[in-house]
Amino acid sequence: MGSSAKVEVPPDTPEARRYNRIKRWLGIVDLGLGAALLVLLLATGWTRDLRDFAYRAAFQNYVLAVAFYIIALLLIAKLLGLGLDYYGFRLEHRFQLSNQKLRAWIKDQFKEFLVSALLAGLGAELMYFVIRQSPAHWWLLAWGMFLGLFVLLAQLAPILLFPIFYKFEPLENEDLKSRLVKLGERAGTRVRGVYRWKLSEKSKKANAALTGLGHTRRIILADTLLDNYTPDEIESVLAHELGHHVHGHIFKSIIVQGVITLVGFWAADRVLRYSIDRLHMFDSLSDFANLPLLMLIATILSFLLMPALNAYSRYNERQADRYAFKSTAGVGPFITAMNKLADQNLAERSPSKFVEWFFHSHPSISRRLEAAHAWGRMKF
Ligand SMILES: [Zn+2]
């Protein structure tokens, strides 16, 4: 075959196309529903009624009232989105991608709600505390605190958050462990650990990730991957994750998030002041009835930035792929692993250009396969 030969990528099945199209729409509708709720609360003034209700329930205690308001808001949002969530649960079963029983799913919904209420409550309390202490510079101080919280959470997530939803255990496979040590030695780095991620309790899909910071930095590999892929294929996945580590992708992502949230907090300050001074929607900055407005700004900003953030993520993924090509014996296992992953996860190998540009955090499988083939040709 000539060097310009087009790589044969199996076409996507109608099933894979349908599944991914429904999932995308589910995400869009979910986001739209959330935004619509926020707009409704603001436009009708119901956010002020909710605030008054929270105050009364909290016996006029500000800190407690913020907590009640947050819980009420999250509860309303959860109930409103419950139908969609359940549809998402059914969808995974319809396409034979899930192992999760309804009872376990309901339990997860409760856990998710509690975790998000706890984190959102903590975030809101801190923010309104800063607003009251320093109304002039609150956005800068709040940004600094959020960044600190974000770093702390990135560090604690593997040992505190993930185990709430999944079981993890240190990888026992000696062959794989020694392969990782060798990969790490060649990279001049050491990952603290590799963990077996019991994804099979919930899903038939396979996955792998690099998580944590500092002492909690680790690679997690789904049991659905470990049990069904050859050692060479698993090594190529490990090498990809190690590539994220070597290139410092978690740290760089925190920097990017930091810049974006700084702009976000600044914009929030501007919009809040306008809504108070000109529109007379709220009494003051510390009037927490303005929370839906802040959330709306965050929603709009993250939607607008999605293509840019995804482009940045795809850039990192390409870098991690190249690292995997470079550090393993050949690209063969990477190629077979990618094809297996696509089949197992019912992924679209060749999504439309627009879909990939807007929605995908990873390059399409077909592009990743082409890059692997190109690398393989270059080497020989
Ligand atoms: Zn990756």
Taking a 26 Å limit on the Cα-Cα distance, which of the listed pairs Lys202/Lys252; Lys107/Lys204; Lys23/Lys204 fall beyond it?
Lys202/Lys252
With Cα springs under 10 Å, the Gaussian network model of the chain assigns the largest mean-square fluctuation among Ala324, Ala267, Ala57 to Ala57
Net dipole in debye of the stretch 117-223 [+1 Lys, Arg Cβ; -1 Asp, Glu Cβ; about Cα centre; nearest 20]
260 debye
Net charge dipole size for the stretch 249-337 [Lys, Arg +1 and Asp, Glu -1 on Cβ; Debye, nearest 20]
480 debye
Any idea what angle helix 102-133 forms with the longest principal axis of the chain, computed on alpha-carbon atoms, 0 to 90 degrees, nearest 10?
50 degrees
The farthest towards the positive end of the charge dipole of the chain, of the residues Tyr55, Val191, Ala329, given +1 on Cβ of Lys and Arg and -1 on Cβ of Asp and Glu, is Ala329
Can you classify the stretch 180-271 as rounded, prolate or oblate using the Cα gyration tensor, where a ≥ b ≥ c are the square roots of its eigenvalues, rounded means a/c under 1.5, and otherwise it's prolate if a/b beats b/c and oblate if not?
oblate
Whenever you get a sec, compute what percent of the accessible area on the chain sits on carbon and sulfur atoms (1.4 Å probe).
65 percent
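Per residue, how much accessible surface does the chain expose to a 1.4 Å probe? Answer in Å², no decimals.
Value returned for the chain: 53 Å² of accessible area per residue.
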Gain in length, Leu82 to Leu122, computed as 0.36 nm per residue apart minus the alpha-carbon separation, to one decimal in nm?
12.0 nm
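The values are calculated or read from the model by the stated rules, or taken from the named source; none is laboratory data. This structure is a prediction, so every number in the text was calculated from the model and none was measured. Every residue, glycine among them, receives a Cβ derived from its backbone with ideal geometry; neighbour counts consider all protein chains shown. Note: accessible area is taken over every heavy atom of the protein model, side chains too, but ligands, DNA and RNA are not part of it. Shrake-Rupley method; radii C 1.70, N 1.55, O 1.52, S 1.80 Å.
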